[in-house]
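First the structure, in the form of structure tokens, and then the observations on it.
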Amino acid sequence: MEDFRDDKELSDLFRQKLGNAEVMPSPSMSSNLMRKVGMREFLRFNPTRFNIWYAGAAVAAAGTTLAVILTLSPDKQIKEIQVNQPVEINQGSVDNDFTKEIPAPSAPSEEKVRLPESVKNIDNPAVPEPSSGQKSAAVSSVSGNNQTAEAQRVNSLPATSVFNEAPDNNKLRNNSISRSLIETSGTEGCPPLKVIFRSLAGAADSCLWHFGDGGYSSLKNPVWIYDDPGEYKVSLQVISSGIKSVYSTVIVVHPKPLAKFEIAPENAVLPRDEISFRNYSEGAVRYRWNFGDDITSELYEPRHSYRKYGNYNVQLVATSEVGCSDSVVIYNAFSSSGNYIEFPNAFIPNPTGPSGGYYSPKSDEASQIFHPVFSGVTEYKLRIFSKRGILIFESNDVNYGWDGYYKGQTCDPGVYVWKVSGKFINNGQFTKVGDVTLLKN
Amino acid sequence: MMSDQQIIEGCAKHQRKAQQLLYDKYSRFLLGVCLRYASDKAEAEDILQDSFLKIFFNIKDYSGTGSFIGWLRKVAVNTAITHYHKNLKFRYHIEIEEFVSVETGISSFEEDFFTSDELFMVLNDLPAGYRLVFNLYAVEGYKHKEIAEMLGIDTNTSKSQYSRAKAVLRGKLEKLRTLKSNYSAGNV
């Protein structure tokens, strides 16, 4: 009761004094916070209504106008370099680890790429000379097609054919397809999924990646690791000579199965017992067992008999439908089970007289001495009682059994109760109780 | 002076002025909350900053019903919990000496004997896990079951953490009281 009052007072004290206590923050706190807020708001491109966004739009608009003006002056070379660069990166990378390109373009990115499009659309017809105009258009559509071609996994399509097939009619269509600047080393996989992102933007362009799980990077070619399953919408924001465009792709991280199993019986004796493996895996459809003795199984819950006692490491690999797998190993699965002690349930004493009880497996072929079969026993205490509860025999040595005599007299045939306790070599304890029937010839 | 309602609306529109006003109005109160969950003021200010970021960017989640200050407090408490989990691996658990159970000679703790600063100090010295549970239970008034859910621990863990926290706090307050009485007695 008193304790309770104490508790309450202690809690009350803190609640009353500190529950609404005010503490003055450091003076720099406010400005730091506001700077962070500003940064976050800038990084969040949610085109609702904040000033920085308007500013960005204004800059973009200015950039557009500037670009239009610039294209009227002869600077094709710069354009070609800009357009060519991604093509080179493509070719270099297609054969390497970027084999799993999957369509990046999607509706939202199309919407957001409006600005660069408008530049292109204005820019192409505005080119005065047809020959060079076609050239620049062709080059840009090469890179455009290359992207879409890749997206459809038609990587083998030679660039020249695209070049040839790009008549003036297709020019505008190609340009209006948002060509994603995102390349990834893969779009789906198992956690932890490491994705190498590659931006095909020009060297001078600034990139900002959002990985869809809260992470972001301003590297051009970042590497990101997804630990948790889910669908992540990745966006890449490229600011190229003042024009902002956004590309996106989706990374799917599949759920990972869980491999889990138990061994039964718990204290199995090898090689006597057949072992059952109880499967508690989750989210998996395929299983592969390695029992540690070079025998494997693909059953859900296999049973296995070992040929001899030993230290086995049992492994289960559980694989989900999409191919994600998890594995678990139980090391020294039977380390506690090599040790055992078992008693017979009947014996026939030697009628010619007491033997003293010492035995060896060979000397006691006729089962004239009551003794256990055992392995790994270090401590041992056996006691045998008559039906009336009289202690008839006691032994602290596992090699010393009962010969069926009590005080020099052979005991009556019948049931005797025994109790044994002790320790195994691995410090595991055992206690067993049972009965044994004394028979007579 | 803007009302809370106006400030909330302003913040929802990401108005810098409204955010500043919200900060000016509630930062002291929220730092008081954060400081209870931290081991020093710097850590408390970290939590406070994260709390404000959450508040500013999620202010639309505030339903408008219920007390605004209660919502703010909740955000801060949740941030503190996140912070605790994030830093869990860097923390040591309790020193052995803390386990020495305290025979309570104290019958009561007079409210005015200790200053808020002293109480904060005692709380800041507590191991992080104890502090978290103690705050949630004793000050915030959550039930052990709720705390267990929030922290992803067992209800009994919450209970035992709480009672150990109390034991440690009681010991520290006792020590502080002796110190203080000696000091004032010596001075008079």
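Please treat every number below as a calculation from the coordinates, not as lab data. Owing to the predicted nature of the structure, the values given are computational and were not obtained by experimental measurement. Every residue, glycine among them, receives a Cβ derived from its backbone with ideal geometry; neighbour counts consider all protein chains shown.
Could you calculate the FRET efficiency of A:Val329 with A:Gln409 from 1/(1 + (r/R0)^6), where r is the beta carbon distance between them and R0 is 41 Å, rounded to 0.05?
0.10
Can you list residues whose amide H is under 5 Å from A:Gly404's amide H, if they're 5+ apart or on another chain and H is modeled 1.01 Å from N?
Amide H neighbours of A:Gly404, under 5 Å, 5+ apart: A:Phe370.
For labels at A:Tyr216 and A:Ile295 in the simple 7 Å Cα→Cβ model, what's the distance in nm?
Taking the two extended label points, one gets 5.9 nm.
Which peptide among A:239-252, A:386-399 comes first, and what is the full order, when sorted by highest mean count of other Cβ atoms within 10 Å?
Ranked by mean Cβ neighbours within 10 Å, highest first: A:239-252, A:386-399.
How about the stretch A:245-324: which GluC sites (Glu not before Pro) there are in a DSSP loop, with at most 16 other Cβ atoms within 10 Å of their Cβ?
Working: sites: A:Glu262, A:Glu266, A:Glu274, A:Glu282, A:Glu298, A:Glu321; in loops: A:Glu266, A:Glu298, A:Glu321.
Sparse-neighbourhood loop GluC sites (Glu not before Pro): A:Glu266, A:Glu298, A:Glu321.
At a Förster radius of 25 Å, what calculated FRET efficiency corresponds to the Cβ-Cβ distance of A:Asn399 and A:Ser276, to the nearest 0.05?
0.15
Using alpha carbons only, how many angstrom separate the centre of the stretch A:369-407 from the centre of the stretch A:181-256?
A separation of 74 Å, based on Cα centres.
If you plug each phi of the stretch A:296-308 into the Karplus form 6.51 cos²θ - 1.76 cosθ + 1.60 with θ = phi - 60°, what whole-Hz ³J(HN,Hα) values come out, in order, with x for Gly and Pro?
Residue by residue, the stretch A:296-308 yields 10, 8, 10, 6, 5, 10, x, 10, 8, 10, 7, 7, 8 Hz.
Collect residues whose amide H, placed 1.01 Å from N in the peptide plane, falls under 5 Å from the amide H of A:Gly186; neighbours closer than 5 in sequence don't count.
The answer is A:Ile196.
Could you work out how far the C-alpha centroid of the stretch A:276-299 sits from that of the stretch B:1-53, in angstrom?
Using only Cα atoms, the two centres lie 55 Å from each other.
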